[in-house]
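Below is one structure, written out as structure tokens; comments come after it.
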There are 2 protein chains.
Amino acid sequence: MKPDMNTTVAVITDTRHSLFALLKPVAIGDVTLAEGLWKSRQQINQGITIPGQYALLESTGRLDNFRRAAGKLDKPYQGFVYNDSDVYKWLEAASWSLISAPSAELNELVDNTIHLIGAAQRKDGYINTYFSVDKAAERWTNLQEKHELYCAGHLIQAAVAHYRATGDEKLLDVVIRLVDHIYSTFGPHQREATGGHPEIEMALVELYRTTHDSKYLDLAALFINRRGHSLLGGSEYLVDHVPLRSMSHLAGHAVRALYLCAGAADLALETGEAPIIEALNRLWSNMVHQQMYVTGAAGSRYEGEAFGAPYELPNARAYAETCAAIANVMWNWRMLQLQGEAQFADLFEWTLYNGVLPGISLDGRQYFYVNPLANDGSIRRQAWYPCACCPPNVSRTIAMFPGYIYSVSEGGIWVHLYASSVVNLELPNGRRLTLHQETSYPWDGHVTIEVQPEPVIQVAQDSLSDNKTFSIFLRLPGWLNDSQVVVKINGEAIGYPTHPGTYLEIHSAWQGGDRIEIDFPMEAHYLESHPLVLENTGRVAITRGPLVYCLEEADNQGLPLSQVMIDRSIQPLVEFQHSLLGGVVQLTHKAHLQSMDPEWEGRLYRPSIPKAHALSSTVTEVKSIPYFAWANRESGGMQVWTLFS
Amino acid sequence: MKPDMNTTVAVITDTRHSLFALLKPVAIGDVTLAEGLWKSRQQINQGITIPGQYALLESTGRLDNFRRAAGKLDKPYQGFVYNDSDVYKWLEAASWSLISAPSAELNELVDNTIHLIGAAQRKDGYINTYFSVDKAAERWTNLQEKHELYCAGHLIQAAVAHYRATGDEKLLDVVIRLVDHIYSTFGPHQREATGGHPEIEMALVELYRTTHDSKYLDLAALFINRRGHSLLGGSEYLVDHVPLRSMSHLAGHAVRALYLCAGAADLALETGEAPIIEALNRLWSNMVHQQMYVTGAAGSRYEGEAFGAPYELPNARAYAETCAAIANVMWNWRMLQLQGEAQFADLFEWTLYNGVLPGISLDGRQYFYVNPLANDGSIRRQAWYPCACCPPNVSRTIAMFPGYIYSVSEGGIWVHLYASSVVNLELPNGRRLTLHQETSYPWDGHVTIEVQPEPVIQVAQDSLSDNKTFSIFLRLPGWLNDSQVVVKINGEAIGYPTHPGTYLEIHSAWQGGDRIEIDFPMEAHYLESHPLVLENTGRVAITRGPLVYCLEEADNQGLPLSQVMIDRSIQPLVEFQHSLLGGVVQLTHKAHLQSMDPEWEGRLYRPSIPKAHALSSTVTEVKSIPYFAWANRESGGMQVWTLFS
């Protein structure tokens, strides 16, 4: 099957051929980042993280496992059974990264890795280095625990990324042989099974988008549809307790559950199946209303890395695996393409900043696996993990970022994210255009977008004659709450009836040099949480723009964070600090420092006092920083949810 | 080594020969319970629980494992590697139970079991059915995980109990051969190792008390002293991260940590070693001030069944294993004998009522393993568990209860617990006496104690000539807070300077028929918890006497418990309900039912509202029951910590 080169380099999810997707993503290569937070993250990813992870793949034996499988090395298999997937995720990150920064050096590492993978492939197409030598007889015998389909999914994604980034088909060819083997093993009328850890579903749909061979879509549907029928023992942990279409709420292992949702959204993007879309909307609402941290992170329980009960959202004991936040980002991206509703873009952006970015240090060298919302300084990022799912997952997400800023639709172009960049693309109606976006977002709310449509070439009796006009859809983020946004076109403020949490459509016969200016108010907000989130009683979370803030001991030496009561009645001082944490807006709040009642010394319980003691409180100042930037200085306390007065 | 029959039937811990124990326990056989809560529990234990557990030991293959080890049965080993310990704990419970209720039928079950154990013993003394047949070569190869010393500890305790209950030495003989084998394997100058799960330490000290062979005490000391030196890999979970004497706080697996403390307290009772006593007092304070549920339960984390961080005490997600509460009871009992301080008796009693009793259903047929302090009705007692450590542990604790009411000292007799009973014993000074205690405690606070000393037989130049007088030490429970207790002797109120949380010593030349009357005020109290216990912000726990109360849905149909705000300003109605839950005092509180702000519908976070909404609240009534009695009716919600106004 020849891949369709028309799709060229497109970010996952490429739905541009779907009949059902409302929005269609744009290719990563169509977007070039300019100076700003994300350009800086992209450069660190390319310059530090991706080479650093390659060295770790080598030093931890993950690449040796491929050499061993290829018969080039005689030593034992190293690490967990799913270690191949780290190589594949790295390869995907590196491939996307080659688009924005072609590099002969990185290209060589990528090609070497692809060569190793190819050499490790068995004659029948099978690839998994754990089962390739002494354990070959155990292939496909324990789908619950052994992650073979999960690893295959990551290899498929890597191959699609590499093909889209380079046009080179060699890894795609390897993958097609692998997937054809999987199809002949688990396809229609073959063994009725599904994998313990969802992942391959997203990958198979993407492979279908790339090859247009519908058997890959069919296989994705089979793996989704077989879940919940006790093929995995009915385990909630493995998300096999209920069929997806019947689920009322998310439960079990958070990454598994959210990868399944993202895969099912991919399936719905291609099939438009209403029961799946209804189930996904129901699960999304349930998560957002009962099971999600204020950072967009999900999966509160250490036990089973799982979703908890409704409103079970402990802070210091938050599990909140970085991979689960990435899964949430992937799922919301697909929901956005499918339905075009700003609520998905809101959560997509929010989780990207507050759930995913904390997963990597500012210097690009260390990673969080769990993400507490309060900490005494004991949980710190690590350079690597024996179970290293999160590090390359963050890396590939950052590498994909340019593809997340815009989508297109029949009507025009959708601006989801605000980040300095240039996009040059062709709208579905055939009109080519360039947008220059300039902003310091998320640090301030001023955004300018200059429109450069290419001239319409009028062709007699051309069906494209209606492409003189098109719409630009501007996302008005939900975090604005009730604030009104000023939007100017060529210097003139426009009146509009649109509310935050929607897209503002500006339909026009756009001319070269047309200029949109947007001013998002960037006040600090204080969020409170549902009364049943017991740990947050009497506490607020500070936010500004799309960012959740936190108090960190490094900025507040000597202040016991647990006794700080923020004075909500006074707007905090907002200062961009160039030399702080790579440049962040720091907030300075008026606060009271409540004295701890000395009677609590050496006591855990006491008779309840009829009226609250009027405890002495000192007026003080307290500083907060973006949550994503915590734990980048000396070790110390941190908290998101803070007492207030 | 002939055992010393002078000790006859004494409850663990029998410290009467210790030079260092301030108090000495009395034999279980010296105390006979009369009508009341504990007599009723004792009868259910004897009539229902102990026979029921025996049937389960049989039906789950635990006894078959012994038949297999004895070569009488050819089938695979069944269950977990530590399943022998369930048989031993049952045997201990049954043995203690034979004291208060001799039964030919139970005696036969006990004898059969002892016979099975003896038949399973190897020639060298070794007993463990998991390692007796095909796995014999793996004996003692994995002390971290395989529980051989733990199981041996429970067998020792069972043998001591059986010997004290019956005077029969046959199981003690078996055990002495086993322990001699252990001594020759792990004793001084032998293999330097210790067990992954403490338990044998308590047992070895008790065996020393029974046999007076100091090598058992030495071996207990070795197993304690070897911990914290990385023989178990330095694991915190296995409590091997720090030597006991250097520990600052309890960490790791809660049952392991608390069994170690109880064993170390036993060692200190025999050696008086100051560094151990100091460490135990430090750990006790730390637990009580930072790491203990209001029920006396400990070990808040599901992950590793472990202690959490300071103040980490979630309610719905409390782990609070029943065995950890039992361990806390055992530890406090030993601390009380060692130091005679009422704070240990307070926590001993409190944990017995609120941490241990919830572990078994009122009908004696079902058990809690984890003990949440709030629940939606999903966690219920089970008839048994694959890991069945808790059920026979509760049973043996109830069977030992008569031995927990009193201690003696040089000066007289100490009344720790209030429960209708008759005690007949000889004081250390040789004076025999009988106390008749009558009370409906814990339901009301009236207690009468009638003293019947046997006449002093005057012997010329007898050193016992000073035994005409002795003291009765009455515990004034710490839960009284500031309430004053009325104590009358022969109808006359006495003035005294003693405060709650101490013992009131009444020294007298007691005459037959002397009558002490005590009236403990039994108002309901409301406890609040330290501000750093985040889930309890704005909440109180209801207590009355030694009992923690809870709201249960069965008594409060239609009331959403999470919205109930108890009015602390009005004392609740106190009613003993004969037909409720086997007879309990139920409380009826005035309360407000706070409306849930409708804006929370479908939201988890929202901008913080400057002033709290004046939400409509309905005045209502809400009923509470003792926490130990929850989950004995239809399934439904329960909560200990409740909002208040």
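Values computed for the structure shown
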item: Number of partner chain Cβ atoms within 10 Å, mean per residue of A:595-606; result: 5
item: Part-to-part distance (alpha-carbon centres) for region A:155-228 and region A:372-398, which is given in Å; result: 28
item: Axis-nearest residue of A (beta carbon) for the A-onto-B rotation, whole Å; result: A:537, 2
item: Mean ellipticity per residue at 222 nm, deg cm²/dmol - from DSSP H runs of n ≥ 4 across chain B, formula -39500 (n - 2.57); result: -9500 deg cm²/dmol
item: Sparse-neighbour loop sites [GluC sites (Glu not before Pro); region A:555-645; at most 14 other C-beta within 10 Å; DSSP]; result: A:601, A:634
item: Sequence-separation-based contact order of chain A, relative, with Cα cut under 8 Å and 6+ spacing, percent; result: 13
item: Accessible area in square angstrom per residue, region B:24-404, 1.4 angstrom probe; result: 29
item: For residues of B:557-564, the mean tally of beta carbons on other chains within 10 Å; result: 1
item: Estimated FRET transfer efficiency (residue B:173, residue B:448; beta-carbon r; R0 45 Å; 0.05); result: 0.50
item: Set B:24/B:123; A:123/A:146; A:75/A:123; B:75/B:215 screened for pairs whose C-alpha atoms are more than 31 Å apart; result: B:24/B:123; B:75/B:215
item: Estimated dipole of region B:524-644 in Debye, rounded to 20 [Cβ of Lys and Arg +1, of Asp and Glu -1, Cα centre]; result: 260
item: Per-copy distances of the residue A:601 label point, shortest first, in nm (7 angstrom along Cα→Cβ); result: 5.1
item: Under DSSP loop assignment and at most 15 Cβ neighbours within 10 Å, longest trypsin sites (Lys or Arg not before Pro)-free interval of chain B; result: B:381-602
item: Sequence-separation-based contact order of region B:262-402, relative, with Cα cut under 8 Å and 6+ spacing, percent; result: 22
item: Interchain or long-range residues, amide H under 5 Å from residue B:360's placed H; result: B:368
item: Cα centre as origin, Lys/Arg/Asp/Glu Cβ charges: chain A dipole, Debye; result: 940
item: Per-copy distances of the residue A:184 label point, shortest first, in nm (7 angstrom along Cα→Cβ); result: 6.4
item: Straight-distance crosslink candidates among lysines, where the alpha carbon sits under 16 Å from residue A:39 and sequence neighbours closer than 8 are dropped; result: none
item: Dipole of the protein assembly as shown, positive direction: furthest Cα of A:428, A:109, B:102, with charges on the beta-carbon; result: A:109
item: For A:530-538, mean number of other protein chain Cβ atoms within 10 Å; result: 6
item: Pairwise FRET efficiency - residue A:365 versus residue A:108, Cβ, R0 = 22 Å, nearest 0.05; result: 0.50
item: Set of lysines near residue B:590 by C-alpha distance (under 30 Å), chain-local residues within fewer than 8 positions excluded; result: A:611, B:611, B:623
item: Vicinal HN-Hα couplings computed from phi for region B:539-546 (Karplus, 6.51 cos²θ - 1.76 cosθ + 1.60; Hz; Gly/Pro x); result: 10, 10, 10, 8, 9, 8, x, x
item: Test item: Cα-centred dipole of region A:24-404, Lys/Arg +1 and Asp/Glu -1 on Cβ, debye; result: 400
item: Relative contact order %, region A:524-644, counting alpha carbon pairs below 8 Å whose residues are six or more apart; result: 38
item: FRET efficiency, residue A:43 to residue B:20 (Cβ-Cβ, R0 56 Å, nearest 0.05); result: 0.20
item: Pairwise centroid distance, computed over Cα atoms, of region B:543-567 with region B:344-370, Å; result: 19
item: Those aspartates and glutamates that a straight Cα-Cα span of less than 14 Å connects to residue B:89, excepting residues fewer than 8 apart in one chain; result: B:199
item: Inter-centroid distance (Cα atoms) of region A:23-86 relative to region A:583-642, Å; result: 40
item: Dipole of the protein assembly as shown, positive end: most advanced residue of A:25, B:503, A:391 [Cβ charges, Cα centre]; result: A:391
item: Simple label model, 7 Å out from Cα along Cβ direction - residue B:75 to residue A:616, nm; result: 7.3
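The values are calculated or read from the model by the stated rules, or taken from the named source; none is laboratory data. Quantities reported herein were computed from a predicted structural model and do not represent experimental measurements. Cβ coordinates were reconstructed from backbone atoms using ideal geometry, including for glycine residues, and neighbour counts include every protein chain displayed. Side chains included, ligands, DNA and RNA excluded: accessible areas come from the protein's heavy atoms. Shrake-Rupley method; radii C 1.70, N 1.55, O 1.52, S 1.80 Å.
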